[in-house]
Amino acid sequence: MGIGKSRLYGTHKEPEDIAGSYQSLFSKNNEQIGVVLKTKKKTKPVFVSIGHKIDLSSSVDIVLNCHRGYRIPEPTRLADKYVAELKKELNSNL
């Protein structure tokens, strides 16, 4: 499954400012390619898409069960945090 903090492609309507609300994300030929999902009130939505052997509904359920009070799911948040630490370490060694 895919999850992004910004839209790379497609068009959508904004979901309501309610945790768990979402709107479909459509390609240029009007095919649904994902959803725009609010994981938390008063934050930007995340963009969720299907993956290998997982449907869109299951992808949304996983995101909603893994966000741990943050905007993005915990595995993605921890990966972002780790990469930021690596960048900081690499830049300090230059």
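What follows draws every value from the coordinates through simple rules; no lab data is involved. Predicted model only: the values in this text are computed from it and were never measured. Ideal geometry is used to build each Cβ from the backbone, glycine not excepted, and the neighbour counts take in all protein chains shown.
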Worksheet item: Which of the aspartates and glutamates could be linked to Lys28 by a straight reach, that is with a Cα gap under 19 Å, when you skip same-chain ones fewer than 8 residues away?
Response: Glu14
Worksheet, complete the sentence: Any residue on another chain or 5+ positions along whose placed amide H is under 5 Å from the amide H of Gly20 is listed here as Lys38, Thr39, Lys40
Item to complete: Arrange Leu78, Leu64 by Cβ neighbour counts within 10 Å, fewest through most, would you?
Response: Leu78, Leu64
Item to complete: Run down the lysines and flag those whose C-alpha is under 26 Å from the C-alpha of Lys40, throwing out any fewer than 8 positions away in its chain.
Response: Lys5, Lys13, Lys81
Worksheet entry | Added length on full extension, which subtracts the Cα-Cα distance from 0.36 nm per residue, Lys53 to Arg77 | 6.3 nm
Worksheet item: Just from its helices, what would the mean residue ellipticity at 222 nm be for the chain, if runs of 4 or more DSSP H residues each count -39500 (n - 2.57) and the sum is divided by every residue, rounded to the nearest 500 deg cm²/dmol?
Response: -10500 deg cm²/dmol
Worksheet, complete the sentence: Here P(r) for the chain, Cα-Cα distances in 10 Å bins, as whole percents, is 17, 43, 26, 11, 3
Practice prompt. On a 0 to 90° scale, report how tilted helix 74-92 is relative to the longest principal axis of the chain, with both axes built from alpha carbons and the result rounded to the nearest 10.
Written response: 30
